[in-house]
Amino acid sequence: MLMEWGPFESGVWTITQRKANEEVSMITATTGIARALETEGAAFVTLFPSCKINNAIGDEGKIPLLLMRDERFGVGVADAFSRLSDGKRFGVCTLQGGVNCPGFQFGIPAITQAFEDSSPVLCLTDAVNPADSENSHYNIDRVAVNFTRWTSTIPLARRVPEFMARAYTFLKTGRPGPVLLQVPTSLGEYDEAQYPYKPVKGWKSQADPDDIKAAVKALLKAKKPVLYVGEGVFYADGCAELLQFAELSQIPVIATLKAKSVFPDTHPLSIGVRGEPAEHFLNTCDMILAIGSSLSSNRFSHKIPNAAGKTIIQCTIDNMDLNKSYMLDGALIGDAKLVLRQLIDEFSRQTGGGVKANPELLEEIRGLKARMFEKYKTAMTSNDNPINPFRVYNELQQILDPKDSFLTSESGGPRDQLSTVYESVAPHSYLGWGNISTLGFSLAGVIASKIIHPDRPAITVTGDAGLPYMIGNFEPTVRYKWGVTVIHINNSGFAGYGKGPWGAGQEPYTADVLPSDQCNLTKSMEGFGMHAERVTQPGEIGPAIGRALDANAKKQPAYIEVICSLYPVWGVWAGMKPKGASRSQTTVATA
Ligand SMILES: Cc1ncc(C[n+]2csc(CCOP(=O)(O)OP(=O)(O)O)c2C)c(N)n1
Ligand SMILES: [Mg+2]
């Protein structure tokens, strides 16, 4: 008989006995982790050295290891991959951990971003060996517990399968969010046959049928209801159900910034993300059904005007969201796809089925959208020099196949302007983000899209502030032949940071950078091996983007620097006073 430590039960370690001749298949703890990742279908693992787990993944040879140039981007690419994967696949990254953990420390901004944005990422890091714990005043647990859905240290080799299963359970069930698993380097081996890994299914729930009945009743009673849709619909893979429910009920749809592309912007029932149509409907509606949205207020979302006078029902996966910002009249707790199916069935039941056309509503939406686009027309067709950034967005809209392209942007003007006027028509053809908007993340976005759809054009638009955060990671785009395009709106300053948004004191002290006539960034990007062009004439934008996409098709990343004017104009958020939002968000130059 062999004696070995069994489970820790009721405060004592049990001892299990095993026959000596029983077949043992001993593997290292890190091999067990690598095999669990394989079982779960991890598409890749991003990393920056070092972490012992990488060696096991490399030795197993089944999952590509992608070396990014810093941990923030390692986490970022994994995060963006999860955002684009509909709750079906999850980004994985490793970070240097333990006592001296610069890797973990540098990854923190990206993990906190994933936490605030509720993105399910698996982060793996070396841990301090149990015998060495409390040797340092710094303890990863104490820090990470505040910005992870779950963090823990694997205490014994044979508990690897259990901890990995728990990690994947957190990724696949309930509110998405980052998980950090710490792995001591001294765990040794365990018997894989005795402690096998079983893939985690992930479990979903649907709403109480009585709550569904009440919600549909309220929708049918409402004179002017609105669907307010968040990225929970993406994670539930519920875009088709959303379309079906909106068309069945003929209720207009507003998407949150993170949910842009969840519903076609060109659909007659779409009132977009921001700008006057969305503002008008949020002001005048008498009922809001939020689906897959936490309804959190931030600077990049609407506030619900006169909320007390409206019926508000919220479908969310997490009861943490309920009665948080607004007093609710009802809640549908469950997975957005399942709840949408319930709503479709119940709506048909209560109405007897069929679609009741509402031509006045469609005309109202059409008129509001037309007026908004009229407002931006001058900017979008401008021949000004320096170039108006809206002209660049117009060219993008013309060139890209909206069904087979991917666009995202940096925070700053590009986020605010594109989320106002760019019309996305297919799920994940656009990655909106920016509630937490750490500059530079959009490069991770285009890389993740390229990994998922190698042949699909993947473009990000950045301002002057986002670019420097990405530059170090242009090298992997060249090395891995990720043909992505970065369009740089170079207006030699931070357009929204002048006088106004946060008081009068910012300009000229904190919003000016080295101007484009002194600093030629195109030359730097050429040095990286990217296809690089500087554009100074409006008529050159389209051809330059075309050449960039040609280079991308040959697996070369591209950088297009467009010399632009400062033009801090974009769509409003309902309920936001201009101060605290942006300096001139409602002012448009019409000359
Ligand atoms: C890491 C980080 N630091 C600071 C910010 C705040 N921030 C958002 S946009 C921006 C400046 C935007 O200027 P630019 O990129 O030049 O865009 P423009 O508005 O000029 O087009 C800053 C400082 C941020 N989002 N992320
Ligand atoms: Mg700028």
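The values are calculated or read from the model by the stated rules, or taken from the named source; none is laboratory data. All values derive from a computational prediction rather than experimental measurement. Counting neighbours? That spans all protein chains shown, and the Cβs are built from the backbone with ideal geometry, glycine included.
Structure summary
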item	result
Near pairs, Cβ below 7 angstrom, 6+ apart or cross-chain, from the stretch 358-378 (outside the structural domain of ARG391 (by TED's automatic domain parsing)) to any residue that is among the aromatic types (Phe, Trp, Tyr)	TYR376/PHE390
Some residue of the stretch 480-487 being in a loop (DSSP other than H, G, I, E, B) and over 20 Å from PHE48 (Cβ atoms)	yes
Failed item in (1) crowded, with 24+ Cβ neighbours inside 10 Å; (2) without any contact (Cβ under 8 Å) to a residue 24 or more places away in the chain; (3) of a type outside the set (Val, Ile, Thr), with ALA240 passing the rest	(1)
Some residue of the stretch 431-438 being in contact (Cβ under 8 Å) with a residue 60 or more places away in the chain, assigned to a helix (DSSP H, G or I) and closer than 14 Å to PHE81 by Cβ	no
In the stretch 430-439, the residues that are modelled with pLDDT of 95 or more and either outside the structural domain of ASN473 (by TED's automatic domain parsing) or surrounded by fewer than 24 Cβ atoms within 10 Å (Cβ to Cβ) (or both)	LEU439
Qualifying residue in the stretch 555-563 (condition: modelled with pLDDT of 95 or more, more than 21 Å from ALA465 (Cβ to Cβ) and more than 15 Å from ligand 2 (Cβ to nearest atom))	yes
Filtered residue count, the stretch 309-357, keeping only those that are more than 32 Å from the chain's Cα centre (by Cα) and either hydroxyl-bearing (Ser, Thr, Tyr) or not assigned by TED's automatic domain parsing to the domain that holds ALA246 (or both)	2
Selection count, the stretch 443-466, where residues are part of a helix (DSSP H, G or I) and within 16 Å of ligand 2 (Cβ to nearest atom)	1
Among the candidates PRO414, PRO389, PRO457, PRO402, residue that is over 15 Å from the mean Cα position of the chain (by Cα) and surrounded by fewer than 21 Cβ atoms within 10 Å (Cβ to Cβ)	PRO402
GLU395 outside the structural domain of LEU227 (by TED's automatic domain parsing) and more than 16 Å from ligand 2 (Cβ to nearest atom)	yes
Verdict on VAL233 being surrounded by fewer than 24 Cβ atoms within 10 Å (Cβ to Cβ), under 19 Å from GLY330 (Cβ atoms) and of a type in the set (A, V, I, L, M, F, W, C)	no
Residues within the stretch 464-522 that are more than 10 Å from ligand 1 (Cβ to nearest atom), modelled with pLDDT of 85 or more and on the phi < 0 side of the Ramachandran plot, tallied	26
